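Here the structure is laid out as structure tokens; the discussion comes afterwards.
The values are calculated or read from the model by the stated rules, or taken from the named source; none is laboratory data. These numbers were taken from a predicted model, which means no experiment stands behind them. Cβ sites come from the backbone with ideal geometry, for glycine too, and all protein chains shown count toward neighbours. Keep in mind that these areas ignore ligands, DNA and RNA; they rest on the heavy atoms of the full protein, side chains included. Shrake-Rupley method; radii C 1.70, N 1.55, O 1.52, S 1.80 Å.
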Amino acid sequence: MNIPPGWAWLGQALLIIAGIILVIWLCRLGERRGTAYLADRPAYLRPLALLGGVLALLSALLPWVTFELNDGVYPELSTLQFFDEPWGVTGFRGFILLLGLASIVLAFVPIPAKRRVYRAIGLALFGITLFNTGFIIYYGGGIGAATAADGVVAFGGLVGLVAAAVVWFAHRSGPLEQVPLWNSKVSRAVAYPVLLLAFIALLLVVAMLLRAGTTADGDSRAYAGPIFLSLLFFISGVILALNGLGFTKWLTDVSDKHRLWSVVVLLGCSIALPFTEAGTDYWMTIAVNIGVYAATAIGLNIVVGLAGLLDLGYIAFLGIGAYVAANFSEASAAAFGIKLPFLAAAIVAAVVAGVFGAIVGSPTLRVRGDYLAIVTLAFGEIFRKAAQNDIGGLTGGANAIPDIPPISAFGQSFSAPLEIGGVKLPSGVLYYILVVVLVAVVMLVFANLKDSRIGRAWIAIREDEDAARAMGIKTGQAKILAFLIGATLAGLAGAVFAHKTSTVAYDSFQFIESVTLLAAVILGGMASIPGAVLGSALLIVLPEKLRDFQDLRLFLFGLALVLIMRFRPQGLIPDRHRRAELADEGVVEAPSQEHNVADSTPGGGAAVTR
């Protein structure tokens with residue numbers, strides 16, 4: 001009997017899926033049994049932490065692969081074994097070594113919320129070891145690549161998985177502590193240096209993530225994707241540990257109390273990115289794209305995050321702003337023979353986009369929910385088709401509007417390299433600085449609107465439109481205003497987009513781009529300003545970093561989004577209202593304890609704890 005090739009492939013795929021489900025079920029069953037056993041045995045914390053740390057060290061020092069992969073040696077020093085060079089480990093094995101040492105050292109250090117720290121270490125170990133073991137097995141052609149083949153053994157990955165499980169069960173030994181509350185009432189002499197160091201550290205982390213897996217010249221190295229993801233797992237573990245210690249909450253509170261200083265330092269660190277190792281032509285282009293999408297996503301956050309109006313055609317407003325700016329730029333295919341200064345063209349683009357936003361928002365007087373989503377989706381498709389067919393002769397149709405001149409100021413083109421004090425900066429650095437200013441302005445507009453009367457009206461409409469109307473809010477006007485302001489901000493970003501790309505084409509504003517913007521808002525956290533920026537950055541950087549995985553790139557990208565939404569439904573940086581909505585109801589938390597930072601207020605009163 002001949003089996004068609006397609007059926008054989010389907011059978012193998014189903015077998016693999018069944019195996020994965022079986023492994024997940026067994027792991028979940030073991031985790032439940034282990035948790036039940038350790039729940040009332042807090043004395044097991046130190047032994048398990050020490051054992052997990054030792055196993056992690058062994059994992060880092062043992063070989064991980066039995067032969068050289070097709071694209072070269074991975075991991076670096078992959079033949080290292082039997083502790084012949086214990087401090088020579090690099091890459092993800094260096095991260096495992098550091099996590100193992102942390103697990104051992106913390107077993108003897110009295111710190112608050114120790115189990116939360118071990119949970120972070122266990123998750124980081126699990127992510128690094130599971131991903132890299134799976135990568136070696138997949139690209140090595142079988143499980144023998146990560147275990148034993150032709151008389152060569154390599155059990156570093158399996159030992160690492162066991163280490164991660166042991167450290168994870170260490171945090172299950174006894175009840176999980178409450179997150180400590182640190183006293184955030186500190187003097188400027190303490191707050192200013194701490195915030196400065198924190199934002200500088202954030203800048204360096206961003207630069208490390210952008211350059212992970214690339215050479216000194218900015219070219220992509222072999223295995224760039226695994227190198228980046230391993231670093232991402234490690235940094236995520238560190239952040240989760242600091243969050244468990246209550247440090248990130250304290251830092252956020254201090255930043256809120258010294259908001260002006262935080263904004264100034266953050267703005268300075270953002271402008272300093274070109275001076276770091278990420279200051280290359282390629283990453284400046286990516287950073288500008290992130291800024292344009294972030295500014296647009298913040299505008300969408302007004303419509304979706306504050307007013308609760310689902311807009312599936314929002315990318316059209318970015319396109320309107322781009323086309324208007326292109327037609328006033330004296331490009332070769334521009335419809336108007338008028339060249340306006342960039343600032344004037346950007347204002348015109350924002351106004352025109354805002355007018356169209358008000359027109360699209362007018363149906364909200366009659367429709368809501370899914371019906372409104374269909375209306376906005378239709379508008380987005382109408383705009384794309386109109387641009388494709390060059391209706392009115394304003395879009396260039398399939399030929400687009402090419403040769404848009406770059407922005408220039410004081411004789412300096414924004415697309416040309418720049419030299420400051422003997423330091424050569426990459427081309428496009430002025431566009432990056434312009435985008436930083438644009439995002440800062442959009443953030444300022446959003447923050448002031450959110451805390452204003454109209455912002456509270458939008459939030460009321462989002463929660464219950466009928467109740468808001470009963471309380472005297474003019475819901476129709478408020479919703480149209482949300483569309484108008486959101487579209488205006490998108491049009492402003494579109495003007496920058498047109499000059500940076502030098503070509504405006506209809507296929508840059510497809511429906512999938514609206515979905516991407518919406519995903520950025522939801523992923524980062526609805527109604528959250530930094531959330532929209534982080535969401536935009538992830539949705540642009542992750543696909544770029546995952547190119548090394550070829551056919552698996554979109555699968556891994558989608559899987560990451562699913563996992564984030566599963567475990568962080570409120571978003572990565574949620575707004576406080578959104579966090580409260582999704583918080584567990586009916587849970588009474590024990591009072592949290594304050595630590596380490598003395599109260600500098602007159603009288604030395606203690607901060608209020610929950």
What are the ³J(HN,Hα) couplings of the stretch 98-115, residue after residue, when phi is run through the Karplus curve with 6.51, -1.76, 1.60 and θ = phi - 60°? Round to Hz, x for glycine and proline.
5, 5, x, 4, 4, 5, 6, 5, 5, 5, 10, 9, x, 10, x, 6, 5, 5
Could you give each residue of the stretch 421-426 its phi-based ³J(HN,Hα) in whole Hz, using Karplus coefficients 6.51, -1.76, 1.60 with θ = phi - 60°, and x for Gly or Pro?
x, x, 9, 8, 9, x
Ala36-Asp464 FRET efficiency (beta carbon distance; Förster radius 35 Å; 0.05 resolution):
0.25
For Phe67 paired with Ala222, estimate the spin-label separation in nm (one decimal), with each label point 7 Å from Cα along the Cα-to-Cβ line.
1.5 nm
Sequence-distant or interchain residues sharing an amide H contact under 5 Å with Met526, placed H: which?
Asp575
I need the semi-axes of the equivalent ellipsoid of the stretch 395-435: take the C-alpha gyration tensor, multiply each eigenvalue by 5, square-root it, list largest first in whole angstrom.
28, 10, 8
Mean separation of Cα pairs under 8 Å and 6+ residues apart, divided by the residue count of the chain: what relative contact order is that in percent?
17 percent
Cleavage-rule hits, GluC sites (Glu not before Pro), the stretch 318-419, DSSP coil, Cβ neighbours within 10 Å at most 16
Glu330
Run the dipole for the stretch 89-242 about the Cα centre, Lys and Arg Cβ at +1, Asp and Glu Cβ at -1, nothing else charged, and hand back the magnitude in debye, nearest 20.
620 debye
What percent do you get for the relative contact order of the stretch 103-215 when only Cα pairs under 8 Å and 6+ apart count?
31 percent
Using the Kirkwood formula over every pair of different C-alpha atoms, what hydrodynamic radius in Å results for the stretch 43-189?
16.2 Å
Label Val263 and Leu130 with points 7 Å out from Cα along Cα→Cβ: what is the distance between them in nm?
4.2 nm
Full-stretch length increase - Lys385, Ser452 - with 0.36 nm per residue and alpha-carbon distance subtracted:
20.3 nm
Distance in nm between pseudo-label sites at Val152 and Ala43 (7 Å out along the Cβ direction from Cα):
4.7 nm
Given the DSSP H assignment, sum -39500 (n - 2.57) over each helix run of at least 4 residues in the chain and divide by its residue total; what's the result at 222 nm in deg cm²/dmol, nearest 500?
-20500 deg cm²/dmol
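For Leu444 and Arg366, what does the FRET efficiency come to when R0 = 35 Å and r is the distance between their Cβ atoms, rounded to the nearest 0.05?
On the way: r = 33 Å, r/R0 = 0.95.
Approximately 0.55, to the nearest 0.05.
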Residue separation times 0.36 nm, minus the C-alpha to C-alpha distance between Cys27 and Lys474: what's the value?
155.5 nm
Karplus (6.51, -1.76, 1.60) ³J(HN,Hα), θ = phi - 60°, over the stretch 164-175, in Hz, Gly and Pro reported as x:
4, 5, 5, 5, 4, 5, 4, 6, 8, 7, x, x
Under a straight-distance cross-link criterion of Cα-Cα below 26 Å, which lysines are reachable from Lys249, leaving out those fewer than 8 residues away in the same chain?
Lys114, Lys185, Lys257, Lys450
What number comes out for accessible area per residue over the chain if the probe is 1.4 Å? Units Å², please.
49 Å²
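Given N residues in the chain, what is its alpha carbon radius of gyration divided by 2.2 N^0.38 Å? List each step's numbers first, then the result.
Working: Rg = 26.8 Å, N = 610, 2.2 N^0.38 = 25.2 Å.
The chain yields a ratio of 1.06.
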Of every hundred units of 1.4 Å-probe accessible area on the stretch 345-500, the number belonging to carbon and sulfur atoms, as a percent, is 65 percent
Which whole-number percent gives the relative contact order of the stretch 43-189, counting Cα pairs below 8 Å spaced six or more residues apart?
39 percent
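Rg/Rh for the stretch 283-529 to two decimals, with Rh computed the Kirkwood way over all alpha-carbon pairs.
Rg divided by Rh gives 1.00.
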In this structure, the FRET efficiency calculated for Asp281 and Ile338 from their beta-carbon separation, with R0 = 35 Å, to the nearest 0.05, is 0.65
Amide H of Leu418 versus every other amide H placed in the peptide plane: which residues, excluding those fewer than 5 positions away on the same chain, fall under 5 Å?
Leu425
Furthest towards positive pole of dipole, Ser187, Val238, Leu209, structure part the chain, Cβ charges:
Ser187
Quote to one decimal, in nm, the extra length available between Leu196 and Leu14 on full extension: 0.36 nm per residue of separation minus the C-alpha distance between them.
60.2 nm
